[in-house]
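Colleague: Can you keep this structure in mind? I'll have questions shortly.
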Amino acid sequence: MSGPAVRVDTDSPVPPYEQIRAQLAALITTGRLPEGGRLPTVRQLASDLGLAAGTVARAYRELEAASLIRTRRGAGTRVAPLPTPLRRPDPAELTALAQRFVTEARALGADAGEVLGAVRQVLEE
């Protein structure tokens with residue numbers, strides 16, 4: 001995986017596996033990691049980040065469960081084809097998703113400006 005880097009903030013209240021999962025999911029869904037792109041092995045990414053292999057393995061399992069990556073013996077871990085959306089997002093679903101994000105961000109101590117800044121940053125990636 002050359003290009004966008006994954007970073008883990010060990011001082012964050014968000015568990016490292018979730019930071020990895022969220023960053024890779026964002027890179028995949030925005031197309032910055034293209035379909036078929038190869039991800040580092042669990043051991044390699046764990047070594048690069050200074051984490052236990054089990055932490056990275058958990059992130060990969062969750063990404064695989066979400067059908068964002070595929071792991072094949074001998075072929076490694078690659079970005080899976082994104083499913084084509086079958087419908088437009090329901091505004092109520094988007095509102096509920098936004099509410100969950102705001103609730104969690106405020107629990108971390110973020111103010112409205114920081115929450116909006118984080119959303120803008122993700123949208124611009």
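Colleague: Picking from 68, 49, which residue would you name as being in the same structural domain as residue 23 (by TED's automatic domain parsing), in contact with a Leu (Cβ under 8 Å, 6 or more places away or on another chain) and in contact (Cβ under 8 Å) with a residue 40 or more places away in the chain?
Modeller: 68
Colleague: Out of the stretch 73-125, which residues are within 26 Å of residue 40 (Cα to Cα), under 20 Å from the mean Cα position of the chain (by Cα) and of a type outside the set (A, V, I, L, M)?
Modeller: First, pick out the residues of the stretch 73-125 that are within 26 Å of residue 40 (Cα to Cα): 73-84, 121-125.
Filter again for under 20 Å from the mean Cα position of the chain (by Cα), leaving 76-84, 121-125.
If the condition is that a residue be within 26 Å of residue 40 (Cα to Cα), under 20 Å from the mean Cα position of the chain (by Cα) and of a type outside the set (A, V, I, L, M), then 76, 77, 78, 81, 83, 84, 121, 124, 125 are the ones that fit.
Colleague: Also, quick follow-up: Where residues in the stretch 20-46 are free of Cβ contacts under 8 Å to residues at least 12 places away in the same chain and surrounded by 14 or more Cβ atoms within 10 Å (Cβ to Cβ), which of them is farthest from the chain's Cα centre (by Cα)?
Modeller: Residue satisfying both the conditions and the ranking: 46.
The values are calculated or read from the model by the stated rules, or taken from the named source; none is laboratory data. Keep in mind that this is a model prediction, so the values were computed, not measured. All Cβ positions, glycine included, derive from the backbone under ideal geometry; neighbour counts span all protein chains shown.
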